[in-house]
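What follows is a short report on a single structure.
The values are calculated or read from the model by the stated rules, or taken from the named source; none is laboratory data. Computed from a predicted structure; not experimentally measured. Reconstructed Cβ throughout: ideal geometry from the backbone, glycine too, with neighbour counts over all protein chains shown. The area values use the complete protein model at the heavy-atom level, side chains included, leaving out ligands, DNA and RNA. Shrake-Rupley method; radii C 1.70, N 1.55, O 1.52, S 1.80 Å.
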Amino acid sequence: MRRLRLALALAALLTAAACGNGSGPEAPPPAPAAVTLESVGHYCGMALNEHNGPKGQIFLRGRAEPVWFSSIKQVFAYTLLPEEPKTISAIYVNDMSTAGPDGVPDPGAWIDARQAFYVIEGGFIGGMGAEDAMPFSQRAHADSFAQAHGGRVVNFADVPEAYVFAQ
């Protein structure tokens with residue numbers, strides 16, 4: 001009888017350990033996805049390749065494909081709006097530090113949006129035909145852009161909500 005109790009206790013312990021308690025390390029964030037012909041902006045419903053300027057993508061836990069955005073302000077709006085999911089595992093934006101002389105972002109140059117430097121209030125017209133933020137991986141490039149085109153440099157956490165939702 002004692003062996004049976006010991007075996008049952010051991011089985012229960014192993015079962016509990018196999019289930020896990022959810023406090024283990026989180027999975028690493030997914031890598032940025034490449035823009036394809038099927039990449040459609042979350043708010044505008046249009047193909048991303050039909051828009052100029054930097055784009056964004058947000059990955060949600062449990063979803064393999066990113067939520068796409070035609071402008072950087074839309075990325076911020078998604079994170080701020082209470083009706084949007086908050087199960088974000090990664091946020092990426094195009095790195096304008098790698099843009100060519102024509103100002104077109106490299107479609108394969110993505111950076112963690114939370115680590116980027118943004119030029120805001122500079123009058124840059126983005127993918128949706130409205131003033132938009134410009135993301136840079138390097139502070140020096142953001143500073144140079146702001147000096148040449150106006151605006152100011154801020155990090156992700158310091159982009160004002162009023163700026164994001166300004167018309």
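Can you name the residue in segment 49-61 that is touching a helix residue (DSSP H, G or I) at 6+ places or on another chain (Cβ under 6 Å) and not in a strand (DSSP E or B) and, of all such residues, is surrounded by the most Cβ atoms within 10 Å (Cβ to Cβ)? Checked segment 49-61; the qualifying residue surrounded by the most Cβ atoms within 10 Å (Cβ to Cβ) is PRO54. Just one of the listed residues (GLU65, GLU161, GLU121, GLU83) is open to solvent by 70 Å² or more (accessible area, probe 1.4 Å), touching a residue at least 12 places away in the same chain (Cβ under 8 Å), over 12 Å from the mean Cα position of the chain (by Cα) and closer than 25 Å to GLU26 by Cα, namely GLU65.
Could you grab me the full set of residues in segment 132-158 that are charged (D, E, K, R), in contact with a helix residue (DSSP H, G or I) (Cβ under 8 Å, 6 or more places away or on another chain) and surrounded by 14 or more Cβ atoms within 10 Å (Cβ to Cβ)? Correct list: ASP132 only.
Just to be sure, is GLU65 assigned to a loop (DSSP other than H, G, I, E, B) and farther than 20 Å from ALA34 by Cα? Steps first, answer last, please.
Numbers: assigned to a loop (DSSP other than H, G, I, E, B): yes; farther than 20 Å from ALA34 by Cα: no.
Answer is no for this residue.
Just one of (1) in contact (Cβ under 8 Å) with a residue 24 or more places away in the chain; (2) open to solvent by 30 Å² or more (accessible area, probe 1.4 Å); (3) charged (D, E, K, R) fails for ASP95. It is (2).
Of the numbered criteria (1) more than 17 Å from ALA77 (Cα to Cα); (2) at pLDDT below 95, the one TRP110 fails is (2). The set of residues in segment 68-80 being of a type in the set (A, V, I, L, M) and open to solvent by 30 Å² or more (accessible area, probe 1.4 Å) consists of LEU80 alone.
Checked against (1) outside any helix (DSSP H, G or I); (2) under 19 Å from SER39 (Cβ atoms), VAL119 meets all criteria but (2).
Taking residues in segment 18-39 that are on the phi < 0 side of the Ramachandran plot and at pLDDT 80 or above, and partners anywhere that are among the hydroxyl-bearing types (Ser, Thr, Tyr) and open to solvent by less than 80 Å² (accessible area, probe 1.4 Å), the pairs with Cβ atoms closer than 7 Å and at least 6 places apart or on different chains are PRO29/SER89; PRO30/SER89; PRO32/TYR92.
Collect the residues in segment 30-48 that are among the polar types (S, T, N, Q) and surrounded by fewer than 17 Cβ atoms within 10 Å (Cβ to Cβ), keeping them in residue-number order.
The answer is THR36, and nothing else.
Applying the set (1) buried (at least 23 other Cβ atoms within 10 Å of the Cβ); (2) of a type in the set (Val, Ile, Thr); (3) in a strand (DSSP E or B) to ILE111 leaves exactly one unmet item: (1).
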